[in-house]
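Please read the structure below before turning to the comments.
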Amino acid sequence: MTTLLSLKNLTKRFGGLVAVDHVTFDVEAGAIVGLIGPNGAGKTTVFNLITGNYRPDEGDVIFDNQSIKTLPTHKIVSLGIARTFQTIRLFHKLAAIENVLAGCHCRMQSGSLAAMFRTPAQRHEEHQALQTALQELEFVGLQSQADQLAENLSYGNQRLLEIARALATQPRFIILDEPAGGMNNQETAALIQTIRNIRDRGITVLLIEHDMSLVMEACEQLVVIENGAKIAEGDPQAIQSDPKVIEAYLGTDEE
Amino acid sequence: MKDKRLVIYAVISVVLLLSPLFLNAYWVDVLNNVGLYTILALSLNIILGHAGLFHMGHAAFYALGAYTTAIINTTYHIPILWLLPVSGLVAGLAALVVARPIIHLRGDYLLIVTIGFVEIVRIALVNNVFGITGGSNGIFGINRPILFGWKINKPWEFFYLIWGFAAVTIFLFNRLENSRFGRALNFSREDDVAAEGSGINTAHYKLIAFVIGAFWAGMVGNIFAAKMTIIAPESFNFWESVVLFMIVLLGGRGSIRGVILGAFLVLGLPEIFRQFATARMLIFGAFMVAMMIFRTEGILPPLPRKYPIAKMLRREGSA
């Protein structure tokens with residue numbers, strides 16, 4: 001197995017608060033990895049450091065043997081890292097299909113002049129993008145709602161639409177920030193299958209999730225962080241019995 | 001539904017096309033002004049409507065285009081219409097230089113900077129920078145445009161030049177907004193972070209939006225200079241920018257048909273109610289306030305883009 005993403009001593013401070021504290025871990029290509037920890041542990045901050053929304057104060061992010069810590073977010077996406085957001089960030093006033101077309105954008109070329117003169121290449125590309133977008137909608141099961149406004153979709157479907165938009169960027173690595181947030185049990189079960197299908201397409205998955213049944217079932221490897229620092233790493237069984245993890249989640253007995 | 005709309009557009013176009021036959025020179029000239037403002041507002045619409053950038057300095061690019069034409073034409077006597085792209089380029093280049101450092105500013109901050117820009121340009125023109133702008137008197141003796149050997153002189157001749165240009169603009173901008181470029185602007189307007197996170201270089205697209213908008217405003221400046229034959233800084237003051245801003249907001253941000261209607265209302269209504277001169281701005285203002293309360297997206301908000309989804313699915317199914 002080769003390492004696709006590797007975080008090295010990643011640190012981020014907000015004023016006096018150390019949000020992420022020398023976090024180091026590797027993600028193997030083709031794996032489904034879960035990043036877990038109590039609320040406020042710094043999980044989403046780690047994601048934002050990987051995707052370039054924040055800049056690390058120390059350490060490095062290596063993706064496919066290349067440091068990406070200074071690259072702008074859109075460059076990181078075109079290198080093959082896609083993400084979804086914890087608080088849903090769709091383009092609410094636009095149709096579902098257009099939301100997915102946003103993901104297709106970085107794999108397209110034609111600019112404003114090609115659009116004004118509607119060159120054959122531009123028309124071909126538009127057609128291709130639309131096809132890709134429809135396929136991704138079908139992949140998450142939203143094809144029948146392609147022309148609905150994103151804001152009119154149910155909460156669970158909005159989460160799926162975000163995944164479709166991320167997949168449309170044709171990533172090698174996808175980061176899902178609480179994909180099951182707001183989903184019922186049935187939807188969560190379907191989501192686990194979707195996550196596996198994503199991996200079967202050859203896309204490596206890193207996810208944050210609070211739904212432990214999903215984490216334990218879907219992930220092959222877990223990384224636990226608390227107060228910004230990594231406290232444990234291993235397969236789900238090992239993590240479940242790790243005393244440090246139990247302490248972090250349940251607190252210590254002080255008597 | 002769609003056919004009905006097309007019929008309405010066709011009827012309006014034909015009436016407009018024939019209007020110089022039954023209107024006197026004064027009213028044709030009013031329509032010429034409406035036409036110029038339509039094109040200007042359409043170019044602002046790319047920046048304000050599609051990219052969502054609060055830009056209230058559009059008159060500056062308009063001025064740069066007009067002065068470029070005026071200065072080159074009066075000094076070197078190069079025909080007006082040859083200077084059309086030159087005016088666009090100068091304004092577009094200015095937009096590139098000015099917008100680059102401020103493109104990351106949001107909302108009201110950008111608004112303040114662009115207001116500053118339009119004032120700087122106006123004051124520079126008044127102060128006769130480099131001794132070429134003629135100060136507050138402006139520049140006179142600009143030639144009339146000659147199109148295929150036909151000298152454009154009378155209002156009705158300008159009418160066809162201006163509205164022809166407007167038609168080309170509408171055609172091209174309609175294509176522009178229904179493209180990867182147009183969508184990228186909308187994504188950035190709706191949610192900058194999500195757009196970046198989807199792989200869109202938002203700063204780049206906003207900058208290009210500024211450049212295209214300014215390029216077009218510069219070209220309108222060229223026609224304006226030729227129509228007036230005399231231009232002065234007062235034609236490009238802050239109020240002109242406000243009027244353009246108002247047209248886009250009133251008509252519908254990101255909506256071509258809305259912007260056209262907005263231009264007719266904002267420039268046409270005060271002309272129609274000229275006999276109520278003292279009260280017309282009051283009524284107009286009240287109308288604007290009511291609009292902003294009851295139709296916040298403008299009179300004719302943009303229609304959703306159409307994609308041949310059904311057609312593609314059917315083809316997939318049969319294959």
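Laboratory data are not the source of any read-out in this text; all were calculated from the coordinates shown. Note that this is a predicted model, so its numbers are computed, not measured. Every residue, glycine as well, gets a Cβ built from its backbone with ideal geometry; the counts of neighbours run over all protein chains shown.
Between residue B:269 and residue B:306, what FRET efficiency follows from the Cβ-Cβ distance if R0 is 35 Å, with the result rounded to 0.05?
Values: r = 32 Å, r/R0 = 0.92.
According to the calculation, E is roughly 0.65.
When the dipole is taken about the Cα centre of region B:2-318, and only Lys, Arg (+1) and Asp, Glu (-1) are charged at their Cβ, what size is it in debye, to the nearest 20? Please list the in-between numbers first.
Working: 25 positive and 15 negative charges, 191 e Å.
In debye, rounded to 20, region B:2-318 gives about 920.
Starting from the Cα of residue B:206, draw a straight line to each of the aspartates and glutamates and keep only those under 18 Å, dropping any in the same chain fewer than 8 residues away.
Qualifying aspartates and glutamates at Cα under 18 Å: B:108, B:177, B:190, B:191, B:192, B:196.
So which residue, out of B:147, B:111, B:300, gets the largest mean-square fluctuation from a GNM of chain B using Cα contacts under 10 Å as springs?
B:147
Rounded to the nearest 0.05, what FRET efficiency do residue A:121 and residue B:242 have when you use their Cβ-Cβ distance and R0 = 35 Å?
Working: r = 41 Å, r/R0 = 1.17.
Working from the Cβ atoms, E equals 0.30.
Dipole magnitude of region B:195-319 about its Cα centre, charges +1 at Lys/Arg Cβ and -1 at Asp/Glu Cβ only, in debye to the nearest 20?
On the way: 12 positive and 6 negative charges, 117 e Å.
It works out to roughly 560 debye.
Mean Kyte-Doolittle hydropathy of 1.6 or higher plus an axial Cα length of 24 Å or more: which whole DSSP H helices in chain A meet both?
Working: long enough: A:120-140 (31 Å, -0.83).
Once both thresholds are applied, nothing remains.
How far is helix B:277-294 tilted, in degrees, relative to the longest principal axis of the Cα atoms in chain B, given as a value from 0 to 90 rounded to the nearest 10?
20
Put a dot 7 Å past each Cα toward the Cβ at residue A:155 and residue B:10; how far apart are the dots in nm?
It is 5.0 nm.
Express the relative contact order of region B:2-318 as a whole percentage, based on alpha carbon pairs under 8 Å and six or more residues apart in sequence.
Values: 476 pairs, mean separation 99.1, N = 317.
It rounds to 31 percent for region B:2-318.
In nm, give the distance between the simple-model label positions of residue B:78 and residue A:58, each being 7 Å from the Cα along the Cα-to-Cβ direction.
Each label point is offset 7 Å from its Cα along the Cβ direction, giving 6.0 nm.
Hey, rough spin-label estimate for residue B:167 and residue B:106, points 7 angstrom out along Cα→Cβ, what's it come to in nanometres?
Going from the residue B:167 label point to the residue B:106 one covers 4.4 nm.
Which lysines does residue B:227 reach when only Cα atoms under 24 Å apart count, and residues fewer than 8 places away in its own chain are ignored?
Of all the lysines, those that pass the test against residue B:227 - Cα under 24 Å, at least 8 places apart if same chain - are B:151, B:154.
Given bins 10 angstrom wide, list per bin the percent of all Cα-Cα distances in chain A, short to long.
The distribution over chain A is 7, 29, 34, 20, 7, 2, 0, 0, given as percents.
Would you mind checking the radius of gyration and Dmax of the protein assembly as shown based on alpha-carbon positions, in Å?
Using the Cα atoms of the protein assembly as shown, the pair Rg, Dmax is 28.3, 100 Å.
Placing unit charges on C-beta atoms (Lys and Arg positive, Asp and Glu negative, everything else neutral), compute the dipole magnitude of the protein assembly as shown about its Cα centre in debye, rounded to 20. Mind showing how you got there, number by number?
Details: 46 positive and 46 negative charges, 636 e Å.
That gives a dipole near 3060 debye.
Select from region B:272-316 those chymotrypsin sites (Phe, Trp or Tyr not before Pro) which occupy a DSSP coil region and have at most 14 other Cβ atoms within 10 Å, ordered by residue number. Write out the running numbers ahead of the final one.
Working: sites: B:273, B:276, B:284, B:287, B:294; in loops: B:273.
In loop regions of region B:272-316 (DSSP not H, G, I, E or B), the sparsely surrounded chymotrypsin sites (Phe, Trp or Tyr not before Pro) are B:273.
Can you list the aspartates and glutamates whose alpha carbon sits under 19 Å from that of residue A:12, skipping same-chain ones fewer than 8 residues off?
The reachable aspartates and glutamates, counting only those whose Cα sits under 19 Å from residue A:12, are A:21, A:26, A:57, A:58, A:60, A:177, A:226.
Of B:4/B:306; A:69/A:244; A:93/B:4; A:8/A:43; A:8/A:230, which sit over 23 Å apart, Cα to Cα?
Details: B:4/B:306 17 Å; A:69/A:244 30 Å; A:93/B:4 26 Å; A:8/A:43 15 Å; A:8/A:230 12 Å.
Over 23 Å Cα-Cα: A:69/A:244; A:93/B:4.
For residue A:131 and residue B:97, what does the FRET efficiency come to when R0 = 45 Å and r is the distance between their Cβ atoms, rounded to the nearest 0.05? Walk me through the numbers before you get to the answer.
Numbers: r = 40 Å, r/R0 = 0.89.
Taking R0 as 45 Å, the efficiency between residue A:131 and residue B:97 is 0.65.
Pairing the Cα long axis of helix B:83-102 with the longest principal axis of chain B, what angle in degrees results, from 0 to 90 and rounded to the nearest 10?
For helix B:83-102, the angle is close to 60 degrees.
Can you give the calculated 222 nm mean residue ellipticity of chain B, where each DSSP H run of n ≥ 4 adds -39,500 (n - 2.57) and the sum is split over every residue, rounded to the nearest 500 deg cm²/dmol?
On the way: 14 runs with 221 residues, N = 319.
Here the helix-only value at 222 nm equals -23000 deg cm²/dmol.
Note the direction-averaged projected area, equal to a quarter of the hull surface, for the Cα convex hull of chain B, in nm².
Values: hull surface 79.4 nm².
Across all orientations, chain B yields a mean hull projection of 19.8 nm².
Taking every DSSP beta bridge that has both residues in the protein assembly as shown, what percent is antiparallel when rounded to the nearest 5?
Numbers: 25 of 41 bridges.
Bridges in the protein assembly as shown that DSSP calls antiparallel: roughly 60 percent.
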